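The values are calculated or read from the model by the stated rules, or taken from the named source; none is laboratory data. Note that the structure is a prediction, hence the values are computed from the model and not measured. Here Cβ is always computed from backbone atoms with ideal geometry, including for glycine, and neighbour counts include all displayed protein chains.
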Amino acid sequence: MAPKFGTSGLRGLVVELTDDLVADHVRAFVSACPVGSGLWIGRDLRPSSPALAAAVARAAREEGIAVTDCGAVPTPALALAAMRAGAAAVMVTGSHIPADRNGLKFYLPGGEIDKADEAAILSNLGRPPAGRVASLAHCETAGADWVARYVAGFGSDALAGLRIGVWAHSAVSRDLLLRTLADLGATAVEVGRSDSFIPVDTEAVSPEARAAIAGWVAAHRLDALISTDGDGDRPLLADAAGQIVPGDVLGQITAAALGADVVVTPVSSNSGAEASGRFARVVRTKIGSPFVIAGMEQAGGRVVGYEANGGFLLGFAAQGPAGPLPPLATRDSLLPMIATLAEGARVGGVAARVAQEPARFTAADRVENTPTEATAALLARLTKSPPELAALLTRLDEQAVATDMTDGLRVTLASGRVLHLRPSGNAPEFRVYAEAETPAAAQALMGRAFALLAAEFRPDRP
């Protein structure tokens, strides 16, 4: 995977993320974009992240930019701290991708970069170092401040009496999740801590991880279990039966709990927001938080955004059960997990609260290690040749009634289900999404489609 730069930042194989390449992108960023009071830096727990963070700091200081190092912190905690300081930020993380890869996420003082910022950064690559020297400071409170935000909004007894597990794995958020649960009154039980990096995609949880989660919930008699991806901006929540709640369902529940009027969400999220009738408007976008943020800015008012991976963006000054929740228009994991747990506590559990949502559920997985040219060719065949698409759907015992090419190929089926196919924008992967009336039906449709599409990328395919 050659390093690639986009609105998700810079990503690539660790061996190709050289100090010179990192420095070039940092120089381009601080030249093309406002940095406010300086640059704040955070990192995940990958073995390569400390060295990459050091390279970012050196490059910024050589440009005369004051640097504040927050150490190992979740992405939303770093973003919150930097925004409060009126500073830009760089998070060193590869998110959910394997440990042999890593990357940089760029933030302006007001939030994530957008497409215009991306173009400006690309046009500034190749600048020579300025040769200056700026200060280096350290911040030890970014994680604690992230936790305190939600304790203030929900109250110290919001989860009182609940026994909640934390799948620690290698998430940079793991200790803060344990602290959050304790500060909200729950009994926190840690499981599955790992000293080596484990890539966890909250939108495509592996069967092995699902089985482990169900086992932990049963063995420890848990009311729920929570976790995040590697950098802590995507939530994972399982109910008392060990069933994972899809990220878009977490988004619907949280949006309703906060009294949002407008929901902005990508085409990959399920259609429950529309079916619920709770919101004045639902806006659909391409996949990626920059597109969601752009939609939120255009909508204004009491607006929120969320993605199918569960990352939640709060676009207005909301009121929690115990106090205010100021806007935070960057993808966050804590808010949707806490809001759903608190809502579940009112009605007899997470599963009972999920059951109040429209019966629309998604499942997703990714075919890994798929060359970009191969994924583009497959998608082109399916979009430009109706017989090719019909043949694929026939093998799934389905027929198309409508297609949407906002982002990839989203097909509404005669059964009322949905199949959505798209290449990943930041990794060599081909994403497969399915929506259906039950979690089992969504998983079954996704699994069958996944098997057929994975076969398309086999090296021995004629």
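So the check is Cβ under 9 Å with 6+ separation or different chains; which pairs have a first residue in the stretch 182-197 that's assigned by TED's automatic domain parsing to the domain that holds Gly153 and a second one that's of a type in the set (Ser, Thr, Tyr) and assigned to a loop (DSSP other than H, G, I, E, B)?
Cβ pairs passing all conditions: Asp183/Ser156; Leu184/Ser156; Gly185/Ser156; Arg193/Ser170; Ser194/Ser170; Asp195/Ser170; Ser196/Ser170; Phe197/Ser170.
Among the numbered criteria (1) part of a loop (DSSP other than H, G, I, E, B); (2) touching a residue at least 40 places away in the same chain (Cβ under 8 Å); (3) touching a strand residue (DSSP E or B) at 6+ places or on another chain (Cβ under 8 Å), which single criterion is violated by Ile293?
(1)
Of everything in the stretch 341-392 that's out of contact with any Lys or Arg (no Cβ under 6 Å at 6 or more places or on another chain) and acidic (Asp, Glu), which residue is surrounded by the fewest Cβ atoms within 10 Å (Cβ to Cβ)? First the steps, then the outcome.
The initial filter retains those residues of the stretch 341-392 that are out of contact with any Lys or Arg (no Cβ under 6 Å at 6 or more places or on another chain), namely 341-342, 345-346, 348-365, 367-387, 389-392.
Restricting the remaining residues to those that are acidic (Asp, Glu) gives 357, 365, 368, 373.
Details: Glu357: 21, Asp365: 24, Glu368: 16, Glu373: 8.
Among those residues, the one meeting the criterion is Glu373.
Might you check whether a residue that is of a type in the set (S, T, N, Q), crowded, with 18+ Cβ neighbours inside 10 Å and not in a strand (DSSP E or B) occurs anywhere in the stretch 311-330? First the steps, then the outcome.
As a first pass, look at the stretch 311-330 and keep what is of a type in the set (S, T, N, Q): 319, 330.
Subsequent filtering for residues that are crowded, with 18+ Cβ neighbours inside 10 Å retains 330.
If we keep only those that are not in a strand (DSSP E or B) too, we end up with none.
No, there is no match, as no residue in the stretch 311-330 is of a type in the set (S, T, N, Q), crowded, with 18+ Cβ neighbours inside 10 Å and not in a strand (DSSP E or B).
Mind listing whichever residues of the stretch 200-245 are among the acidic types (Asp, Glu) and in contact (Cβ under 8 Å) with a residue 24 or more places away in the chain?
Residues of the stretch 200-245 among the acidic types (Asp, Glu): 201, 203, 208, 223, 229, 231, 233, 239.
Of everything in the stretch 200-245, those that are among the acidic types (Asp, Glu) and in contact (Cβ under 8 Å) with a residue 24 or more places away in the chain turn out to be Asp201, Glu203, Asp223, Asp229, Asp231, Asp233, Asp239.
Which one of Thr412, Thr406 is in a loop (DSSP other than H, G, I, E, B) and β-branched (Val, Ile, Thr)?
Numbers: Thr412 fails: in a loop (DSSP other than H, G, I, E, B).
Residue meeting the stated conditions: Thr406.
Of the numbered conditions (1) in a helix (DSSP H, G or I); (2) in contact (Cβ under 8 Å) with a residue 24 or more places away in the chain, Ala352 fails exactly one; give the number of that condition.
The single condition Ala352 does not satisfy is (2).
Report whether or not Arg284 is basic (Lys, Arg), surrounded by fewer than 24 Cβ atoms within 10 Å (Cβ to Cβ) and assigned to a strand (DSSP E or B). Walk me through it before giving the result.
Numbers: basic (Lys, Arg): yes; surrounded by fewer than 24 Cβ atoms within 10 Å (Cβ to Cβ): yes; assigned to a strand (DSSP E or B): yes.
So Arg284 passes the test.
Let's see how each residue does on (1) of a type in the set (A, V, I, L, M, F, W, C); (2) surrounded by 16 or more Cβ atoms within 10 Å (Cβ to Cβ); (3) within 24 Å of Asp239 (Cα to Cα); (4) out of contact with any Phe, Trp or Tyr (no Cβ under 8 Å at 6 or more places or on another chain):
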site	(1), (2), (3), (4)
Asp117	no, yes, no, no
Ile121	yes, yes, no, no
Gly126	no, no, no, yes
Glu140	no, no, no, yes
Phe154	yes, yes, yes, yes
Gly161	no, no, yes, yes
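Confirm whether Ala342 is under 22 Å from the mean Cα position of the chain (by Cα) and part of a strand (DSSP E or B). Even if it seems obvious, please write down each step before you answer.
Values: under 22 Å from the mean Cα position of the chain (by Cα): yes; part of a strand (DSSP E or B): no.
It is false that Ala342 is under 22 Å from the mean Cα position of the chain (by Cα) and part of a strand (DSSP E or B).
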